[in-house]
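Report on one structure; see the data block that follows.
The values are calculated or read from the model by the stated rules, or taken from the named source; none is laboratory data. Not measured: the values here are computed from a predicted model. Backbone-built Cβ (ideal geometry, glycine too); neighbour counts: all protein chains shown.
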Amino acid sequence: MATTWAPRPDPIATPMVQNVHPHRDPVVTPVMRSVHSDLAEQPTGRNIPNGPPIGSISKRLDDMLSTPFCSHIINYEPPRGFLVPKFSTYDGTNDPFDHIMHYRQLMTLDIGNDALLCKVFPASLQGHALSWFHRLPPNSVGNFRDLSEAFVGQYLCSARHKQNINTLQNIKMQDNESLREFVKRFGQAVLQVEACSMDAVLQIFKRSICPGTPFFESLAKKPPTTMDDLFRRANKYSMLEDDVRAATQQVLVAGRPSRSNTERNTKPSDRPKTV
């Protein structure tokens, strides 16, 4: 008598939340659901043809659920109505300090909620950076400071090298450079400099612009106290400089003889000369 073979229930396809380890975070991502769906269609007890063993896939799925958070973060529930911001995800190739700053800026309304900062941070990672996060030891992260230091330490080699303040002394305003263009160039250079005295930056800036200009005289009479004050006053004088340049251009155009007048004055008369 023939026996009908029926596939046994696939243990991998059962909900992962039912057997959660203490160091596992019961959150299943769409990618994981897709992988589980693909596995559910495969015959039970067999390896996928030309693919990795089922046990290897199961281990990778377990690793994807692993979390370094302590229990108080794992069990934390975000506020009702909270929406995860749209981050520029980090893959390990850019400056980690920039990513921390970007992350905290988008989470600024919840900056005092340490558990929420930790819980949402993996959503800002992708690729190798996300894999690194899931490989962190269980119970190794109890606050966002721990997580930030571990993250920056891992990708410190991708951080931009900060310049010494002495590099600013090489920046000089060119003769044909507008104040607006120079301020923009100087401001971008300041962002590349390591932490330094604001007074030193202001002194270097004043020595970098052309002496004798109205803006130079203004800085000499009343030195700015902050970079914000410096750039605000620079913008004011940039607008004045633009107005002077536009007025000068109009004077040059008005003083230039028109083509019709020039042709009228240079064209020989067609009338016959009186003998």
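Looking only at the range 218-275, which residues are at pLDDT below 80, part of a loop (DSSP other than H, G, I, E, B) and β-branched (Val, Ile, Thr)?
Thr274, Val275
Residue-wise test of (1) surrounded by fewer than 17 Cβ atoms within 10 Å (Cβ to Cβ); (2) modelled with pLDDT under 95; (3) assigned to a loop (DSSP other than H, G, I, E, B).
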| residue | (1), (2), (3) |
| --- | --- |
| Leu147 | no, no, no |
| Leu168 | no, yes, no |
| Lys172 | yes, yes, yes |
| Arg180 | yes, yes, no |
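Considering the range 218-231 alone, what residues qualify as being surrounded by 12 or more Cβ atoms within 10 Å (Cβ to Cβ) and charged (D, E, K, R)?
Asp229
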